[in-house]
Every structure is written in C-alpha cells, then in structure tokens.
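The values are calculated or read from the model by the stated rules, or taken from the named source; none is laboratory data. It should be emphasised that the depicted structure is a prediction, and the values quoted were computed from it without experimental measurement. Positions of Cβ are generated from backbone atoms using ideal geometry, with glycine treated the same way; all protein chains shown enter the neighbour counts.
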Amino acid sequence: MRILAITLILISIEGCDILTTRDSEKPDKPRSNFVTPTTPDLLFKNFSESLKEKVVENYMACFVDNAFLDKDYKFIPSAGSVAQFGALADWDLNSEKQYFNNLKSTTINNVPLILQLNHEISNTQGDSAVYQYDYILSVPFESSSISYRGNLKFNIHFDSRNHWVITRWEDTKNEEYPSWSELKGKYY
C-alpha cells in the first residue's frame with residue numbers, strides 16, 4: 001500500500017503538466033490554394049497559384065500522372081532554345097520537377113513568381129482540350145527581376161480521377177524577351 005501511494009505521488013509530480021496545452025507547431029507544408037481541377041479554368045488557376053506560392057507538389061499535380069491517364073508528358077521548347085540548352089531535347093516530368101526546385105531555390109523567399117496568361121484561345125472536345133495563351137512570367141531573382149514572355153499552348157486531358165491535367169506544353173518565343181524554355185534550360 002505504501003509503495004502504491006509513493007508511486008502515485010511520483011506520477012503526479014512528474015505528470016503535473018499532462019493537462020496543460022502545448023505551443024502550436026508550424027505546419028510541415030505551406031498553406032496552399034490548390035483545388036481539385038475539375039475544369040480547365042481550375043487547372044490553370046492551380047498552375048498559376050503553384051508558381052505564385054512556389055509549391056512544387058502543386059506544380060507537379062498540374063501535369064499528367066501515368067497512374068491515372070495513359071499518356072506521356074511532352075514539352076516542346078521554343079525555337080533555338082534546344083541549341084542553347086541541350087537538356088530541353090529530352091524534357092520530361094522529372095525535368096519539370098528539378099527545374100522548379102532549382103528555380104525556387106534561386107528566387108527571393110516570400111516574393112511570388114507572377115504568371116499572367118492573356119488572350120486565351122481554347123478548343124474543348126470531350127475529355128481533351130487545347131488552350132493557348134500569351135504569357136508574361138515575372139521571376140524575382142536575388143539580383144534582379146526578369147520577365148519571360150511568349151506564347152504557350154497546352155494540350156490537357158481529363159484523367160480517371162476526373163481531373164484536368166497538362167499532357168503537352170509548347171512554348172513559342174517572343175523575339176524581344178527570353179522565353180520560358182530558356183528559363184527551364186538555365187535552371188535545370
């Protein structure tokens with residue numbers, strides 16, 4: 001009986017803060033505006049937001065996943081950029097991820113990448129569509145901010161999860177500015 005009393009006293013002394021609240025922990029992942037891309041508009045909103053928030057997982061979620069759609073991703077770089085950056089010739093989803101991680105690490109923290117998509121032209125046919133935009137991508141590097149401009153054409157498809165995803169991306173350079181292809185090649 002005496003041992004039980006001593007044990008209870010020791011437990012109450014050691015565990016006196018059992019019912020107190022602890023300090024909150026910061027989340028493992030940043031807050032995200034990602035929504036299920038059940039329409040093409042939501043897909044492109046996610047794409048823009050993933051750049052703005054610099055969330056690699058959300059960026060990659062905009063592209064085809066072979067587990068849900070039997071299509072390979074294809075990137076067609078702007079003219080002349082392959083000669084400058086050979087890696088663009090065999091660009092795949094792993095290349096997209098590596099490029100985005102590298103780009104994220106060289107830009108100013110807490111300053112977003114800003115993508116403007118203008119002059120939309122679209123053609124939807126059932127579970128696939130083609131969207132074309134003029135783009136301006138503003139990238140806040142440590143030394144300066146640079147704008148990349150051109151025209152992009154996305155082929156998108158509806159996958160087995162009922163998500164719209166990018167299966168093909170074609171970049172066309174605006175002759176006065178560097179293209180997105182050049183940005184990808186430089187930060188691969």
Flag for residue 174 being in contact (Cβ under 8 Å) with a residue 12 or more places away in the chain, within 21 Å of residue 42 (Cα to Cα) and not hydroxyl-bearing (Ser, Thr, Tyr): no
Residues that are among the small types (Gly, Ala, Ser) and touching a residue at least 60 places away in the same chain (Cβ under 8 Å), drawn from region 147-169: 150, 160
Residue 80, sole failed condition from (1) of a type in the set (Gly, Ala, Ser); (2) at positive phi; (3) buried (at least 17 other Cβ atoms within 10 Å of the Cβ): (3)
Per-region count, region 97-118, residues of a type in the set (A, V, I, L, M) and part of a loop (DSSP other than H, G, I, E, B): 3
Answer residue from region 133-184, given it is aromatic (Phe, Trp, Tyr) and closer than 20 Å to residue 101 by Cβ and is surrounded by the most Cβ atoms within 10 Å (Cβ to Cβ) among those: 180
Count - residues of region 50-94 that are polar (S, T, N, Q) and within 21 Å of residue 164 (Cα to Cα): 4
Residues satisfying the stated conditions in region 140-180, i.e. under 16 Å from residue 85 (Cβ atoms) and under 16 Å from the mean Cα position of the chain (by Cα): 169, 180
Selection status of residue 183, more than 18 Å from residue 61 (Cβ to Cβ), among the aliphatic types (A, V, I, L, M) and at pLDDT 95 or above: yes
Strands (runs of 3 or more DSSP E) (entirely within region 119-188) containing at least 3 residues that are of a type in the set (Ser, Thr, Tyr) and in contact with a strand residue (DSSP E or B) (Cβ under 8 Å, 6 or more places away or on another chain): 128-140, 145-158
Only listed residue being more than 16 Å from residue 168 (Cα to Cα), at pLDDT below 95 and surrounded by fewer than 16 Cβ atoms within 10 Å (Cβ to Cβ), chosen from 101, 109: 109
Helices (runs of 4 or more DSSP H) contained in region 20-96 and holding at least 3 residues in contact with a strand residue (DSSP E or B) (Cβ under 8 Å, 6 or more places away or on another chain) and modelled with pLDDT of 95 or more: 40-53
